[in-house]
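Encoded as structure tokens, the structure appears first; notes follow it.
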Number of protein chains: 4
Amino acid sequence: MIVVMTTSHTDAERTAVFDRLKELNLQGQAITGIERSVIAVLGQVFPELRDELSTMDGVDEVLRVSKPYKLSSREVHEQDSVIGLQHGVQVGGGRPVVMAGPCSIETEEQLWESASGVQKAGAHILRGGAFKPRSSPYSFQGLGVEGLKMLAAAGSQLGMPVITELLSLRDVDACAQYSDVLQIGTRNMQNFVLLSEAGKTGKAVMLKRGMGATIEEWLLAAEYILSEGNPNVMLCERGIRTFETATRNTMDLNAIALVKRLSHLPVISDPSHGTGHWYLVQPMSLASIAVGADGLMIEVHPNPDHALSDGAQSLTPANFQQLMDGVSSLGDAVGRPVAERPQAVAQS
Amino acid sequence: MIVVMTTSHTDAERTAVFDRLKELNLQGQAITGIERSVIAVLGQVFPELRDELSTMDGVDEVLRVSKPYKLSSREVHEQDSVIGLQHGVQVGGGRPVVMAGPCSIETEEQLWESASGVQKAGAHILRGGAFKPRSSPYSFQGLGVEGLKMLAAAGSQLGMPVITELLSLRDVDACAQYSDVLQIGTRNMQNFVLLSEAGKTGKAVMLKRGMGATIEEWLLAAEYILSEGNPNVMLCERGIRTFETATRNTMDLNAIALVKRLSHLPVISDPSHGTGHWYLVQPMSLASIAVGADGLMIEVHPNPDHALSDGAQSLTPANFQQLMDGVSSLGDAVGRPVAERPQAVAQS
Amino acid sequence: MIVVMTTSHTDAERTAVFDRLKELNLQGQAITGIERSVIAVLGQVFPELRDELSTMDGVDEVLRVSKPYKLSSREVHEQDSVIGLQHGVQVGGGRPVVMAGPCSIETEEQLWESASGVQKAGAHILRGGAFKPRSSPYSFQGLGVEGLKMLAAAGSQLGMPVITELLSLRDVDACAQYSDVLQIGTRNMQNFVLLSEAGKTGKAVMLKRGMGATIEEWLLAAEYILSEGNPNVMLCERGIRTFETATRNTMDLNAIALVKRLSHLPVISDPSHGTGHWYLVQPMSLASIAVGADGLMIEVHPNPDHALSDGAQSLTPANFQQLMDGVSSLGDAVGRPVAERPQAVAQS
Amino acid sequence: MIVVMTTSHTDAERTAVFDRLKELNLQGQAITGIERSVIAVLGQVFPELRDELSTMDGVDEVLRVSKPYKLSSREVHEQDSVIGLQHGVQVGGGRPVVMAGPCSIETEEQLWESASGVQKAGAHILRGGAFKPRSSPYSFQGLGVEGLKMLAAAGSQLGMPVITELLSLRDVDACAQYSDVLQIGTRNMQNFVLLSEAGKTGKAVMLKRGMGATIEEWLLAAEYILSEGNPNVMLCERGIRTFETATRNTMDLNAIALVKRLSHLPVISDPSHGTGHWYLVQPMSLASIAVGADGLMIEVHPNPDHALSDGAQSLTPANFQQLMDGVSSLGDAVGRPVAERPQAVAQS
């Protein structure tokens, strides 16, 4: 850490900083010849120190020189992490995977129509929401455990691992029982207790970026899962909130490219939520693979204009087939061909 | 709802909209003579309808004409809500209250020094965090139930109601047992299960705005609590996330003025988190009362440069005294004098 | 336009709206059976009407049903616009072009090294800044007309059209004399007088999106140029300002896909400014072409760590060659192969 | 400046940094014992250095330790600047002033009705737009020089200094001839040539914050005017662009409080544009004075629902009178009473 003093600081204020550092078993080193008076902090610093020193009289600001996240950093773990799932599906490590299915599980028919459609088109992982976070208490909230069972059954029948959103502490056991991957949604990215509990299940966890969260906060949130001893964490960019309202969110593809550099964790892209318009899903899927995403998460509904949630951003199975074709050509062109289809016999 | 058709829509697409509305027991009315072809939807609409119709061919966009929140709206409840607490403290209804105390409860001494300081200066409600949401798993996470007990004891001894953050489902009972007001933090504003459970306790709930949440989403989140039959909801503006990084957040005082118009719920302002700098807390406190806030929430620490959290934005008891003096004069000038001090004998 | 009345409006307020519309030679049509009382406005509306009606007592909000931009809209001009430049270069119409060169023109040597490097690698248009908008008055401001001449000479020698930023009214003639394309920078997107003057030159104009501008405002700004009778307008997405500071800006690729749908104008992507880090330029270039951009604008400097501006985001000629190879494969895979190289003999 | 090396940097990369510094006549000092390897840069640094060093291999980031703005900083000029205008009006120095009048000058009658109304209510400076920056080329663009003359005449007759927007280089002379204060609008905050030319006139200049501009960029823009030797610069906060769309902009009152600390320049608040709704103008005016603003700028129209621009945010003269009464009481309460009325006889 580097303490920058104000231009008008006094000797006493400067001495107080040195004294406080000594109290904390740290050491201060004054640097002279630089534009401003600064004090370098030597020793083992801790995150709160920045806040503390900031309040001292005569201190203008305190600059960090190291990253606050550790386990998710490439500095600690240089190689890409690869997460193995049932049916031979692997997330991370070069070949993109596609997760697809309905936003919400509504009925067996709707789920089956969507699930069999996406499997046929070449999806690797089946998605479906049983617990839905809805802005309004007056909206459809999902089928709950009944939905989980339907999802697990469909995945098993089609030979696909499944992913579903874990919404709350009270659903941890049920979700871990029925799902291969636990999705933490954007509104829960900083629900730290939920992150820890998800981590403890040992299941793979997909952590969506908070719509108002920085990349640094996102990686710090991943630390909550990783620090439970669970290495099976994948990240998911799903758009951030900006002033632009012509799209539901602003997909931050810069973030995908940057996180691939900062971290070894796989990064999935969710252009359905990221754009909010079905007709933008295919171009943004192609762009996501081009920029380096390890996979896609796509909402597919047999009949989007009758969907109980997120109809506007859902593809029909036919459109999804087209998307898979496009993604497949593009993956070949950029040297990261789409992953093999899941294997019929489970191998968990 | 108003369905706006594209300029190039076909008769068949138009007919399909009318047919879909009929299926849903709604009625469409074409409006002619307007710039674009539009269809007004007659009957009892539901929120998802917008999404559904948006996906239909030939539809350009679907406009809402009513607000999605109900119980929090002034249209439904015209008079200001007033929330009664122990010791005769009332939140809402014209006279501002001040909540103050340490960010985190660290030790009995630290709590007592802060609590007795703020009480002496005229604060009405004692705040203190026992469960802390920290961006990093490596930061201090709070004293838990031990902290709650210390807070309740201090409140009781000083004759002040207390408020603390409810972080997780597993702490609902403990927080409801020891605290007069349950605070839902910015990261949990859309933790809908937590909102419902907080609502069920019947305790007063203070709902902080999500740092990336719109005013509409904030009022919808309040509906989750209100719709449990709990009318004791107050809102808290604590700054939103914008491109400006010179301050920790951007306090949205527009939102306070607007919410006072849209809703009957009391609105508290939190300039400690809203600015992140102790030296901006007093001016923004004055501005908050001037704009119409029903109260303030202020972090006070006996020794901010030794705080385990949020030191940079904490006031000393002496600075807090100065703030109370300023707020008091300003409240008089704007015709909303600061509320009477709490009464020594509880009256719950 | 649709006027939504408050739930508590009076008959007199409603009548006043009808009367005001009549004054303006418009007609109001009440719609009944819808959630709220609304009045549809029949006749030829004008943009200011929304503001006017919004202020009337009893009016809650006024909704637009048509787009405010006209000439840039696909509704008016369905086919993609194609802009022809010297040396047979065409912007728009399916085959991406690449504009490259130094951020600022510094010396003849630096320009030539960059220009010949990008030409060799297959760039179509040579970029170079002679007038530089710098946040600080104490930074290098460009070589001015001397720089323009150097740019024109290099373009002529290498057989490439050139593009340069038009910063101010006083430089219109000089820029139009020496440059094939006039670039309007992000800070001038709403410098409406400059837009009109650029339009009047008849030269091709590339309009960068304001870093804080919505897509709608961007298209409206393009109207200022188009309405001078100049159809040769291309747009350029260069990143918007959001809360994320790990990258210089947040590139909005959603916007590229959406604008291609809303408008017939070509859209260029500028990942150098959009990311601010040279190591993110290649992945975001690939993503831009994948999402549908009609071209790229890339900063290339022979020696980025000695650049007088934007060194951090400049590629070396070697890195640029690699980028061109990647873009070329990707263009083939998505069915939009990179455009042919410029023809040695000018054909303007 | 402090250069932070990556954890994996090599000795050669480190040496290269030292060598590059030596080339630039600077010196590097390695600091050991800190978390990361860092190099402090000793000597006279320049802004571009940060960018340059950032691109070097092995460098992770480069931290600034001093502010890039100089003349606008309190470090250089500790006392509040006070700007003297005609009729004894002073901006800055403790007593708030109010600028008011119509958004656009439309007719003599409309201007007079607004101007005499605001004068009667106690406004100090008359505002009125003659050149209007409009998002759409199809909107009313102002009366031009004719409007300027009407404004100057009204100011003279009422004994008030006047302020008007300078939109373009071609209007510098006319605006400087007829107006006491030149307003640079939000869209031109980084129109650096215009800033310099405005500075050269020697007239007082009010610089509005760009809707997407940081505080640092705003102060740097002020440097463009100040560095022309013109000390008469006042700043104006008018709301920034955020994700919240319920208000036209988000007023950043944090910024007012912070800028008063960082800079000696007076800061005006514009709640008309900052909120976009007339009914939020009064509460946000009170809040602005409470937070420390040196003045207000308010749009007043005799008949807001017939205004040719910004009707939705304009006050009637009666509402403005009410605002002045409120501001007056509040100014007294916070120890900064509203400035005396202008003196009938000019004293320029």
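The numbers here are math on the coordinates, done by the rules we state, and not lab data. Note that the coordinates shown come from a computational prediction; the quantities given were computed from them, not determined experimentally. Please note: Cβ atoms are built from the backbone with ideal geometry, for glycine as well, and neighbour counts cover all protein chains shown.
If you run the Gaussian network model on chain B, springs between alpha carbon atoms under 10 Å, then out of B:LEU111, B:LEU308, B:LEU166 the most flexible one is B:LEU308.
Considering only alpha-carbon pairs that sit under 8 angstrom and 6 or more positions apart, the relative contact order computed for chain C is 18 percent. A dipole drawn for segment A:2-63 from +1 and -1 charges on Cβ atoms has a positive end, and of A:VAL41, A:ALA12, A:LEU63 the residue lying farthest that way is A:VAL41.
Taking D:PRO337, D:PRO47, D:PRO266 as the candidate residues, the one with maximal mean-square fluctuation in a Gaussian network model of chain D, Cα springs under 10 Å, is D:PRO47.
Okay, which of segment B:261-290 sit inside 13 Å, backbone N to the point 7 Å along the Cα-Cβ direction of D:SER329? Counting only backbone N, you get B:290.
Between this copy and the others, label points of D:VAL145 are 2.6, 8.3, 8.3 nm apart in ascending order, each placed 7 angstrom from Cα in the Cβ direction. Across all directions, the shadow cast by the convex hull of the protein assembly as shown built on its C-alpha atoms averages 46.3 square nanometres. Each Lys and Arg adds +1 at its Cβ and each Asp and Glu adds -1 at its Cβ; summed about the Cα centre, segment D:207-348 shows a dipole of about 120 debye. Distance between the C-alpha centres of segment C:158-201 and segment C:1-27: 45 Å, rounded to the whole angstrom.
Exceedance of the 20 Å cut-off in Cα-Cα distance is limited, within the set C:LYS149/C:LYS203; A:LYS203/A:LYS260; B:LYS67/B:LYS260, to A:LYS203/A:LYS260.
Between the C-alpha center of segment B:42-121 and that of segment C:206-276 there is a gap of 37 Å. If only the Cβ of Lys and Arg carry +1 and only the Cβ of Asp and Glu carry -1, the dipole of chain D around its Cα centre is close to 420 debye. Rounded to 0.05, the FRET efficiency of the A:PHE18 and D:GLN27 pair, given R0 = 25 Å and the Cβ-Cβ distance, is 0.55.
What is the angle, in °, between the Cα long axis of helix B:108-121 and the longest principal axis of the Cα atoms in chain B? Nearest 10 is fine, range 0 to 90. That works out to roughly 80 degrees.
Selection among D:TYR279, D:ASN232, D:GLY101 by position relative to the dipole of segment D:83-333 gives D:ASN232 as farthest towards the positive end (Cβ unit charges, Cα centre). For peptide B:322-335, the mean count of partner chain Cβ atoms within 10 Å of a residue's Cβ comes to 3.
For the protein assembly as shown, the share of DSSP beta bridges that are antiparallel, to the nearest 5, is 35%.
Counting Cβ atoms of other protein chains within 10 Å of each residue's Cβ and taking the mean over peptide A:252-265 gives 6. Using a 7 Å projection from Cα along Cα-to-Cβ, the label point at B:THR6 is separated from the same position in the remaining copies by 3.9, 4.6, 6.0 nm, smallest value first. Bridges between two residues of segment C:83-333, per DSSP, are antiparallel at a rate of about 10%. What you get for the protein assembly as shown, charging only the Cβ of Lys and Arg (+1) and of Asp and Glu (-1), is a dipole of about 0 debye around the Cα centre.
On the basis of the beta-carbon distance and an R0 of 22 Å, B:HIS306 and D:ARG261 show a calculated FRET efficiency of 0.35. Per residue of A:156-162, other chain Cβ atoms within 10 Å of the residue Cβ number 0 on average. Looking down the axis that turns chain D into chain C, the chain D residue with its beta carbon nearest that axis, and the gap rounded to whole angstrom, comes out as D:GLY212, 1. Simple rule: put +1 on each Lys or Arg Cβ and -1 on each Asp or Glu Cβ in chain D, find the dipole, and look at D:PRO137, D:LEU21, D:SER179; the Cα lying farthest toward the positive end is D:SER179.
Between helix C:253-262 and chain C there is an angle of about 60 degrees, using the helix long axis and the longest principal axis of the Cα atoms.
The distance linking segment A:310-340 with segment D:295-348 is 59 Å (Cα centroid to Cα centroid, whole angstrom).
Projected label points at A:GLN157 and C:LYS149, each 7 Å from Cα along the beta carbon direction, are separated by 7.9 nanometres. Between 0 and 90 degrees, the angle of helix B:317-333 with respect to the longest Cα principal axis of chain B falls at about 50 degrees. Springs between Cα atoms under 10 Å define the GNM used for chain D, and in it the highest mean-square fluctuation of D:VAL300, D:VAL38, D:VAL233 occurs at D:VAL38. Position A:GLY94: other-copy label points at 3.6, 7.4, 7.5 nm, ordered by increasing distance, label point 7 Å along Cα→C-beta.
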